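First up is the structure itself, then whatever we jot down about it.
The values are calculated or read from the model by the stated rules, or taken from the named source; none is laboratory data. Everything numeric here is computed off the predicted structure, so don't read it as measured data. Cβ placement follows ideal geometry from the backbone for every residue including glycine, while neighbour counts extend to all protein chains displayed. Accessible surface is based on the protein model in full, side chains and every heavy atom, while ligands, DNA and RNA are left aside. Shrake-Rupley method; radii C 1.70, N 1.55, O 1.52, S 1.80 Å.
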Amino acid sequence: MRIKWQDIALTVALLFFGLAGTRFAARLQGAHNLDVLAYLLIAVAAAGLLFRSVRPLWTFALTTSSIAVYLALGYPFGPILISGVAAMYAVAMYSSLELAAGCALVYALLILPWWNDSVTSWITWSAGWILLPAAAGVLMKLRRRSVVDAREHAVVSERLRLAQEVHDVVGHGLSVIAMQAGVALYVLDKDPAKARASLEAIRDTSKEALDGLRSELDTLRGSAPLRPTISLDDIPALASRMREAGLEVSVEVDAPELPDNHQMAVYRIVQESLTNVLRHSSPGVTASVRVYSVSGSLVVEVADTGTPAAFVEGHGITGMRSRAEALNGTLEVSTSHGFQVIARIPLPS
């Protein structure tokens, strides 16, 4: 059990305020002079706050019992009650709502036998000195919890984003490498120059995939920007790698200047779509990529000339759709005329 310095500071402040202020409170109420026992009870009530954040029930029990004994012995109302306010706040802040409500009721009932005024005034006093600090503690706990939840949500979202980036980078790279390796093995004896070109493509693709993976790992370590610098200008190079892997791709990009996150999303959608075509298409299939704007939206179309077939949506398509929806867009996949992906993303104002 480790006592926090904030709790020590609060205890010292309450102790000083209680010992110094109770004498004046007694004079104002015409009470007799305080003795050593009164000051001891004031000190014990304040000392209970040492444990408020680690053992809130200890704080409540020690502080409120000291206050109850203090009042039972006929000592005047005074600064000792501030320790009770702090104890109720601590219980509400660091314990459950049910426990805080129970403690508030117990505290109010402890005061009742020594209350010299009407029941109505006792209820009013309890509301101000017990229920209000308890409510403040509950509200502060809820506020802190909402902040923690927001941080956890941000962490989870960033982890999912990084997982999607790794999936796209590594999945694309391995698909191209597998295709190029197959080509190299097929032409190794017949066409050494073609085999060499495939091996060079494997080298370049591996380097790019490793660079992308390293960038995401650097992001996790906090030593790189959250977004790698990928833009629409990289789409022709992506198509060129696909052609080297055996997939003929035509590219048409006619889009306005876009923010980095829009360009990243479009590139990854095109990349994942072409990767799916490369994985699943038969020889001779060609693909086309079109990126253009119309009616305030950016349209991304990737289609191939393959045979229509049913498909099961996997992580790749789910990730593409998530990228589009993150920018308030939509993504549709059709296989009625080959494999076709159409994403529509609103242009930023």
(message) So for each of 124-137, 281-294, 43-56 I average, over its residues, the number of other beta carbons within 10 Å; can you give me the resulting order with the highest mean first?
(response) 43-56, 124-137, 281-294
(request) For PHE60, PHE17, write out the residues from largest to smallest accessible area, computed with a 1.4 angstrom probe and no ligands counted. (result) PHE17, PHE60
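On the protein heavy atoms, probe 1.4 angstrom, tell me the percent of accessible surface of the stretch 1-136 carried by carbon and sulfur.
72 percent
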(request) Starting from the exponent 0.38 and prefactor 2.2 Å, build the expected Rg for the stretch 235-327 from its residue count and divide its actual Cα Rg by it. (result) 1.08
(request) Report the label-to-label distance for ARG144 and ARG203 in nanometres (one decimal), using points 7 Å from each Cα along the Cα→Cβ vector. (result) 5.9 nm
(message) Could you check the spin-label model distance between GLN29 and VAL12? Points 7 Å from the Cα along Cα→Cβ, value in nm.
(response) 2.9 nm
(request) Take the Cβ-Cβ distance between LEU40 and ALA101 as r, set R0 to 22 Å, and report the resulting FRET efficiency rounded to the nearest 0.05. (result) 0.10
(request) May I have the pair-distance distribution P(r) for the stretch 1-139, computed from all Cα-Cα distances with 5 Å bins from 0 and rounded to whole percent? (result) 2, 11, 21, 23, 21, 14, 6, 2, 0
(request) Assuming R0 = 30 Å, can you tell me the calculated FRET efficiency for the pair LEU109 and LEU73, based on Cβ-Cβ distance, to the nearest 0.05? (result) 0.95
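Length gain on complete extension for the stretch TYR292 to ALA193, per 0.36 nm per residue less the alpha carbon to alpha carbon distance? It would help to have the intermediate numbers written out before the result.
Working: separation 99, 0.36 × 99 = 35.64 nm, distance 3.79 nm.
Taking 0.36 nm per residue and subtracting the Cα distance, the gain is 31.9 nm.
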